[in-house]
Each structure stands twice: as C-alpha cells, then as structure tokens.
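Here's the structure we're looking at; comments come further down.
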Amino acid sequence: MAAWLVGLDTLKIQRFTLGPHDVRVRMKAVGICGSDVHCLKTLRYALFMVKEPIVNGHESAGIVEEVGSEVRTLVPVDRVALGPGIRRHNLCPDMEFFATPLVHGSLANQPSSVGVHACRRANVGPETNVLVMGAGPIGLVTMLAACASGVPRIVIVDVDDHRLSVAKYLAADDIMKVSTDMKDVSKEVALIQKLKATEIDMSFDCAGFNKTMSTALTATRSDCKVCLVNVIGIWYKNTWPLCKNRIAARNFHHAVKCLGW
C-alpha cells in the first residue's frame, strides 16, 4: 500500500504493483520534504506539473521485502537508504528523481546517503567546525554524517524550536533559533560566531533560501568552504553577487555544490 496524491490536497491509500526491475521496501522512516508539502498543496514540483496520481516522498530508508524477477543486486531483509536521484545527476540529460512526475516516491506502508556524500565532498574531519543551516531531514542527516566524520563541534540553526530540540538530542553541540528576515543576518552571524568562541570552518546550507545562504557565506571564516546540500540554484539567484565577491576576494578556498547523489 502507498499514499497516492490523487488531487489537490488529497491523498488516497492504494496498492502499488511491483514490476520486474522494482524492489519493494518496507519503510522504517520517510522524511517529509518541503517539496512534498508544496506538491500536495499546488500539484507542482518546481517546473513539473502533476497530471496523474503519483506517490510522494524521496527521503527514506527501510528493509527490502520483495524484489522483482530481474533484480540481481538486492535480496529480502537487506537494509537500504534510498538515494532520491536515479542515474548520475551531473552527467545524465534524462535525470529522474523520486516523487517527480512520473517517477513514484517512497511514502508507502531518511536519505542518509545525501549527508554522507555532502561530508565527503566537503572533506570534513577532526579539525573542522561545522555550521548546518536547517534542521529538517536533510540537515539532520548531514549533521549526523559530520558527527560520524569526527568533527569537534557542530552548530545547527533553524526557525523551528522542535526541530532544534531534535538536533540537540541527536548530536548538535550548539543550536540557535533564527528568523526568516534578511535584515537579521548580521546580528545572527555575530551570535553564531560567539557560541563558545567557535570559528566556522565549513557550512552546509540544507534549507535553500537566500537568507540561509547569505548567513552561511558570512559566518564561515576565510579560506574555508560552503556547501549547498540537496537544493536547486533558483532560490539562490540573489546571492550570486555575494558568492562571487567572496570568492574573488579569496575569502573562501572554494564553494562546493552538492546535490547529494
């Protein structure tokens, strides 16, 4: 059974047929991405329009229950974390993603791979103090991957108290609630930098807004890195001048765009 989006703000529990190249995974956890909520409310995923029923959800992990007749690399009881991208996103002209028309997602009966890949691309380690912008599913798995990489201190910020409490419970050394107002960037950066006198060597923007990117760029110390995790560049259109100026002034060693797959 799966949760099918059949109309505006309308979900219906229906069966999902397994094909010869498919794998049925019993979901243990599925993160609800902002794009899932947006699609539920508007029947749109960025440039994609939902024109027929689709299963949402692209941030998931679980246990393989059944495999199609042509599947050779997985067997029942395998534990899997599902990367939402199908094929290599930076090379394939026909790239597909879970829960974008017409590829079904995983809201049925947490993408750790994204966080692991982000930390590998950013090369974090025991000498890297990390700032994570956003404590949603992507932010949390990035934080956990950074923790597993041996980073000495992790600061995570968000607009939601509950998300921050979860981050603190899981691994964050420091948490801070921030606003959505661009005018607060300078003040909040100063507060972040005062947290136990922590200098930020690596920032991960896992939220995808002008303000979060501006905060990450401003809070990270010179000759270090900022990583955009699992986001689409359209939301950053107003931050490119800031990015170019910082890099041109050699404030950053380099910036890393990491879609996570």
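Between R88, R79, R44, R121, which is out of contact with any Ser or Thr (no Cβ under 9 Å at 6 or more places or on another chain), exposed (fewer than 11 other Cβ atoms within 10 Å of the Cβ) and modelled with pLDDT of 75 or more? Steps first, answer last, please.
On the way: R88 fails: modelled with pLDDT of 75 or more; R44 fails: exposed (fewer than 11 other Cβ atoms within 10 Å of the Cβ); R121 fails: exposed (fewer than 11 other Cβ atoms within 10 Å of the Cβ).
So the residue among R88, R79, R44, R121 that is out of contact with any Ser or Thr (no Cβ under 9 Å at 6 or more places or on another chain), exposed (fewer than 11 other Cβ atoms within 10 Å of the Cβ) and modelled with pLDDT of 75 or more is R79.
So, in region 124-144, of the ones that are buried (at least 24 other Cβ atoms within 10 Å of the Cβ) and small (G, A, S), which residue ends up modelled with the lowest pLDDT?
Filtering region 124-144 for residues that are buried (at least 24 other Cβ atoms within 10 Å of the Cβ) and small (G, A, S), the one modelled with the lowest pLDDT comes out as G139.
Yes or no: A167 in contact with a Leu (Cβ under 8 Å, 6 or more places away or on another chain) and crowded, with 19+ Cβ neighbours inside 10 Å? Lay out the reasoning, then the answer.
On the way: in contact with a Leu (Cβ under 8 Å, 6 or more places away or on another chain): yes; crowded, with 19+ Cβ neighbours inside 10 Å: yes.
When the stated conditions are applied, A167 passes them.
Determine, yes or no, whether T212 is in a loop (DSSP other than H, G, I, E, B) and either open to solvent by 70 Å² or more (accessible area, probe 1.4 Å) or modelled with pLDDT of 85 or more (or both). Spell out how you get there, then give the answer.
Details: in a loop (DSSP other than H, G, I, E, B): no; either open to solvent by 70 Å² or more (accessible area, probe 1.4 Å) or modelled with pLDDT of 85 or more (or both): yes.
So T212 does not fit the description; no.
For region 146-164, how many residues meet the condition of being surrounded by fewer than 24 Cβ atoms within 10 Å (Cβ to Cβ) and either part of a loop (DSSP other than H, G, I, E, B) or aliphatic (A, V, I, L, M) (or both)?
8
Among the numbered criteria (1) of a type outside the set (D, E); (2) surrounded by 22 or more Cβ atoms within 10 Å (Cβ to Cβ); (3) under 20 Å from V37 (Cβ atoms), which one does F204 miss?
The single condition F204 does not satisfy is (3).
Taking I138 as the residue in question, decide whether it is among the aliphatic types (A, V, I, L, M) and part of a helix (DSSP H, G or I). Even if it seems obvious, please write down each step before you answer.
On the way: among the aliphatic types (A, V, I, L, M): yes; part of a helix (DSSP H, G or I): yes.
Yes; evaluated as a whole, the condition is true for this residue.
List the pairs whose first member sits in region 27-43 and is closer than 16 Å to A135 by Cα and of a type in the set (S, T, Y), whose second member is crowded, with 17+ Cβ neighbours inside 10 Å and at pLDDT below 80, and whose Cβ atoms are under 7 Å apart, counting only residues at least 6 apart or on separate chains?
Final answer for the pair search is S35/Y45.
May I ask you to list the residues in region 20-31 that are surrounded by fewer than 16 Cβ atoms within 10 Å (Cβ to Cβ) and either over 29 Å from T73 (Cα atoms) or out of contact with any Asp or Glu (no Cβ under 8 Å at 6 or more places or on another chain) (or both)?
Correct list: K28, A29.
Any idea which of T17, T10 is open to solvent by 70 Å² or more (accessible area, probe 1.4 Å) and hydroxyl-bearing (S, T, Y)?
T17
The values are calculated or read from the model by the stated rules, or taken from the named source; none is laboratory data. Remember, it's a predicted structure, so these values are computed and weren't measured experimentally. Quick reminder, even Gly has a Cβ in these numbers, built from the backbone with ideal geometry, and neighbours come from all protein chains shown. Only protein heavy atoms, including side chains, enter the accessible area calculation; ligands, DNA and RNA are left aside. Shrake-Rupley method; radii C 1.70, N 1.55, O 1.52, S 1.80 Å.
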